[in-house]
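K.L.:
The following block contains the structure, expressed as structure tokens.
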Ligand code: AMP
Ligand code: MG
């Protein structure tokens, strides 16, 4: 299959391309689309055959459900069997935006989308091209991140092209994703709203409008093979470059000393903060920085692109630095990096 890569300059300039993307989606094809979080691999959420194509293109395990994307709050009523009060509060504050809400599904949502669960994940993205494509398709779009399963999520059309070339007919290039990490996932089906995945909308923001929000402990912990989890995505290795990643906790100086003393003949690369780069000026180590220590927004924006760079460098090992865990965007950065490292962590 040839994969068409379409660079968008504007809604009007590329009007015909949006129409074509909509046609492909209505025909049951898969199209990669830009969103404010990461690129998505979209298909008609009501068409089980189209959904199967997403799982195939990604190599995603079929027990990991997809998020359904809508372009208007009114689309929600087709997808869920009830709308909790908390969903309305959250929608008023954070939709359109980087928040996915889990609610009880309606009969119209096929099991292929929800991996057989009785609940469905829904997001109303703010990205104008994403919304234009949903509008053009005329149906809600199920869309996971547009990477091969296990790889870092794509934050540019180039990342998508590398993973999806020959696997899907069309990629819509809307430039770099603003946030750079996936949406926040919150479960609204229990008594207390529960955070299942930290993301673009922070825990602090959620608590500021809902009051109590529980946090699923598996956000920052490893899940064993036989464990039952609230969100199937928690089970899988994610976001990982080909080389193994180990997170190093401690001061910048102890980090630099540790790395320099543990090269052991290997090709070593590091993922660090901007401020730490100079500590490695004299060492034979490939240094990739992903933002300033105290600027969680920039770290989130650049993390996946930085992780993808390592697949070109092909080191034997990657030592990585992470920000302090807070109730802000840093929680999402730590969550993604911990999973990329398979929870391998050393304190120095
Ligand atoms: P991705 O498609 O890569 O952004 O991942 C979507 C995430 O949402 C995965 O971690 C899924 O496990 C999670 N998810 C989707 N639907 C549900 C659901 N009904 N209940 C719990 N988690 C869900
Ligand atoms: Mg993903």
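K.L.:
With touching a strand residue (DSSP E or B) at 6+ places or on another chain (Cβ under 9 Å), within 27 Å of residue 300 (Cα to Cα) and at pLDDT 95 or above as the only criterion, which of 83, 70 stands out?
P.N.:
Just one listed residue meets the conditions, 70.
K.L.:
Condition first: over 14 Å from the mean Cα position of the chain (by Cα), within 16 Å of ligand 2 (Cβ to nearest atom) and either within 13 Å of residue 121 (Cβ to Cβ) or in a helix (DSSP H, G or I) (or both). Now tell me which residues in the range 35-67 satisfy that.
P.N.:
Once the filter is applied, which keeps residues that are over 14 Å from the mean Cα position of the chain (by Cα), within 16 Å of ligand 2 (Cβ to nearest atom) and either within 13 Å of residue 121 (Cβ to Cβ) or in a helix (DSSP H, G or I) (or both), the range 35-67 yields 51, 54, 55, 56, 57.
K.L.:
Continuing with the same structure: Which one is farthest from the chain's Cα centre (by Cα), of the residues in the range 68-87 that are free of Cβ contacts under 8 Å to residues at least 24 places away in the same chain and part of a loop (DSSP other than H, G, I, E, B)?
P.N.:
Looking at residues that are free of Cβ contacts under 8 Å to residues at least 24 places away in the same chain and part of a loop (DSSP other than H, G, I, E, B), I get 82.
K.L.:
Right, something else. Can you find a residue in the range 266-277 that is over 30 Å from residue 163 (Cα atoms), at pLDDT 90 or above and away from ligand 2 (no atom under 16 Å from the Cβ)?
P.N.:
Among the residues of the range 266-277, at least one is over 30 Å from residue 163 (Cα atoms), at pLDDT 90 or above and away from ligand 2 (no atom under 16 Å from the Cβ), which makes the answer yes.
K.L.:
Spot the failing condition for residue 279; the list is (1) within 25 Å of residue 335 (Cβ to Cβ); (2) assigned to a helix (DSSP H, G or I), and only one is missed.
P.N.:
Failed condition: (1).
K.L.:
Do we have any residue at all in the range 209-231 that's part of a helix (DSSP H, G or I), modelled with pLDDT of 95 or more and either out of contact with any strand residue (DSSP E or B) (no Cβ under 6 Å at 6 or more places or on another chain) or within 16 Å of ligand 2 (Cβ to nearest atom) (or both)?
P.N.:
Yes, that holds for at least one residue.
K.L.:
Can you find, within the range 234-261, the residue that is modelled with the lowest pLDDT among those that are surrounded by 20 or more Cβ atoms within 10 Å (Cβ to Cβ) and within 12 Å of ligand 1 (Cβ to nearest atom)?
P.N.:
Per the criteria, the residue is 238.
K.L.:
Here's another thing I want to ask about it. Report whether or not residue 120 is within 16 Å of ligand 2 (Cβ to nearest atom) and either part of a strand (DSSP E or B) or over 25 Å from residue 205 (Cβ atoms) (or both).
P.N.:
no
K.L.:
Could you look through the range 123-145, keep only residues that are surrounded by fewer than 21 Cβ atoms within 10 Å (Cβ to Cβ) and closer than 29 Å to residue 309 by Cα, and pick out the one that is nearest to ligand 2 (Cβ to nearest atom)?
P.N.:
So, considering only residues that are surrounded by fewer than 21 Cβ atoms within 10 Å (Cβ to Cβ) and closer than 29 Å to residue 309 by Cα, the one nearest to ligand 2 (Cβ to nearest atom) is 126.
K.L.:
Evaluate the following for residue 118: is it within 10 Å of ligand 1 (Cβ to nearest atom) and surrounded by fewer than 21 Cβ atoms within 10 Å (Cβ to Cβ)?
P.N.:
Yes, satisfied.
K.L.:
Right, next: Of everything in the range 157-198, what is more than 15 Å from the chain's Cα centre (by Cα), more than 15 Å from ligand 1 (Cβ to nearest atom) and part of a loop (DSSP other than H, G, I, E, B)? Give them in sequence order.
P.N.:
Those that are more than 15 Å from the chain's Cα centre (by Cα), more than 15 Å from ligand 1 (Cβ to nearest atom) and part of a loop (DSSP other than H, G, I, E, B): 165, 166, 167, 168, 169, 174, 175, 191, 192.
K.L.:
Hey, does the range 96-108 have a residue that's in contact (Cβ under 8 Å) with a residue 60 or more places away in the chain, within 16 Å of ligand 2 (Cβ to nearest atom) and assigned to a loop (DSSP other than H, G, I, E, B)?
P.N.:
yes
K.L.:
In addition: Do we have any residue at all in the range 146-156 that's within 15 Å of residue 304 (Cβ to Cβ), more than 16 Å from ligand 2 (Cβ to nearest atom) and either in a strand (DSSP E or B) or out of contact with any helix residue (DSSP H, G or I) (no Cβ under 6 Å at 6 or more places or on another chain) (or both)?
P.N.:
So far as the range 146-156 goes, no, none of its residues is within 15 Å of residue 304 (Cβ to Cβ), more than 16 Å from ligand 2 (Cβ to nearest atom) and either in a strand (DSSP E or B) or out of contact with any helix residue (DSSP H, G or I) (no Cβ under 6 Å at 6 or more places or on another chain) (or both).
The values are calculated or read from the model by the stated rules, or taken from the named source; none is laboratory data. Not measured: the values here are computed from a predicted model. Heads up, the Cβs are rebuilt from the backbone with ideal geometry, glycines too, and the neighbour counts pull from every protein chain shown.
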